[in-house]
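Take a look at the structure set out below.
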Amino acid sequence: QAKALTPPDIAARKGKTPLVCLTAYTTPIARLVDPHCDVVLVGDSVGMVLHGLPSTLGVTLEMMIMHGQAVRRGLERPLMVIDMPFGSYEEGPEQAFRNAARVMTETGSAAVKLEGGEAMAETIRFLTGRGIPVMAHVGLTPQAVNAFGGYRVQGRGEDGERIRRDAIAVAEAGAFGVVLEKVPEPLARRITEELLMPTIGIGASPACDGQILVVDDMLGLFGEFRPKFVKRYAELGETASLAIGTYAQEVRARRFPAAEHVFGDEPKTLSGGEA
Ligand code: KIV
Ligand code: NA
């Protein structure tokens with residue numbers, strides 16, 4: 001069994017081959033992404049993708065811990081990172097440490113991710129100085145949807161300087177990587193060139209040191225929103241819908257279950273018998 005990647009392993013990939021990152025929220029998806037990914041994020045997107053919430057704001061620490069435990073059971077090689085949910089870290093460094101330590105001890109994750117740039121630098125320094133590796137997240141930070149008034153591209157024109165300062169601040173505070181979400185491509189490229197730590201892009205740039213997508217988005221399992229930055233690599237939602245429709249037809253027509261799905265009265269005596 002290959003040794004699991006660590007936050008320093010990920011940091012050392014700066015400027016090398018791109019980091020492959022996806023989200024996962026369950027054990028079976030963790031097993032599917034495990035052989036292909038460097039980083040697996042238990043994102044607070046779980047609230048919208050699996051729990052039907054209208055935004056990530058309603059996600060709780062307990063939800064993140066439960067999904068983190070499920071993902072942990074399915075992962076061997078990738079670094080697992082868990083999102084700190086809205087309200088669990090913004091009050092200050094002590095609150096962030098207390099809750100991040102709980103996430104790590106209860107799930108076995110080696111790192112957490114939190115949203116915010118300059119405003120979170122002091123908290124990131126506090127955590128990283130006390131044994132908690134932090135991945136940062138700047139640009140469009142979905143937990144700030146109400147402050148932004150929507151999910152628009154962040155950092156266009158003069159506003160790019162704000163995002164650039166955020167990225168520099170979290171790097172100086174000791175983050176081992178930063179997610180750049182929904183920012184102009186030239187800005188993401190420039191930040192990637194300037195920083196000594198890896199940038200992970202989503203709606204950012206192919207020049208980033210890695211890419212991340214929400215796994216249910218790229219598999220075509222979650223269709224509520226179709227942001228431009230999501231490439232659909234499969235249409236599993238359509239496949240599932242067809243399968244469920246066929247099942248419903250067959251049940252109504254009494255074509256399912258068929259002979260091979262039902263049990264006889266006599267137990268089979270030879271090997272290969274029915275269970
Ligand atoms: O919650 C999430 O899935 C994320 C990624 C999209 C970066 O934060
Ligand atoms: Na997130």
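The values are calculated or read from the model by the stated rules, or taken from the named source; none is laboratory data. A quick note: this is a predicted structure, and the numbers were derived from the prediction, not measured. Note that each Cβ is placed from the backbone with ideal geometry, even for glycine, and that neighbours are counted across all protein chains shown. Accessible surface is based on the protein model in full, side chains and every heavy atom, while ligands, DNA and RNA are left aside. Shrake-Rupley method; radii C 1.70, N 1.55, O 1.52, S 1.80 Å.
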Segment 161-179-segment 95-151 distance, computed between alpha-carbon centres (Å): 12 Å
Listed by chain and number, the lysines with an alpha carbon less than 29 angstrom from that of residue 16, same-chain partners under 8 positions apart left out, are 3, 113, 182, 228, 231
Cα gyration tensor of segment 111-269, axes a ≥ b ≥ c as square roots of the eigenvalues: rounded (a/c below 1.5), prolate (a/b > b/c) or oblate? prolate
What's the longest piece of the chain with no exposed GluC sites (Glu not before Pro), counting a site as exposed if DSSP puts it in a loop and it has at most 14 other beta carbons within 10 Å? 92-223
How many angstrom lie between the C-alpha centres of segment 237-256 and segment 1-73? 32 Å
With all protein chains present, segment 49-206 has a carbon and sulfur share of its accessible area (1.4 Å probe) in percent of 53 percent
Using the heavy atoms of the protein chains and a 1.4 angstrom probe, tell me the accessible area per residue for segment 7-237 in square angstrom. 43 Å²
How much of the DSSP beta bridge set in the chain is antiparallel, as a percent to the nearest 5? 5 percent
Run the helix sum for the chain: -39,500 (n - 2.57) per DSSP H stretch of 4+ residues, divided by residue count, reported at 222 nm to the nearest 500 deg cm²/dmol. -10000 deg cm²/dmol
Excluding residues on the same chain fewer than 8 positions from residue 268, give the aspartates and glutamates whose Cα lies under 19 Å from its Cα. 260
Just to be sure I follow the definition: excluding the sites themselves, where is the longest run in the chain that has none of the chymotrypsin sites (Phe, Trp or Tyr not before Pro) in a DSSP loop with at most 12 other Cβ atoms within 10 Å? 1-224
Treating only the Cβ of Lys, Arg, Asp and Glu as charged (+1, +1, -1, -1), what charge dipole size does segment 7-237 show about its Cα centre? Round to the nearest 20 debye. 440 debye
Could you pull out the trypsin sites (Lys or Arg not before Pro) across segment 122-157 that fall in loop regions by DSSP (anything but H, G, I, E, B) with no more than 16 other Cβ atoms inside 10 Å? 130, 152, 156
Rounded, prolate or oblate (a/c below 1.5 giving rounded, otherwise prolate when a/b exceeds b/c) for segment 53-132 by Cα gyration tensor: oblate
Would you be so kind as to identify which of 96, 176, 50 lies farthest towards the positive end of the dipole of the chain, taking Lys and Arg as +1 and Asp and Glu as -1 on Cβ and the Cα centre as origin? 176
Anisotropy class of segment 7-237 from Cα gyration tensor, a/c 1.5 cut: rounded
Considering the dipole of segment 7-237 built from charges on the beta carbon (Lys and Arg +1, Asp and Glu -1) around the Cα centre, which of 109, 187, 19 is farthest to its positive end? 19
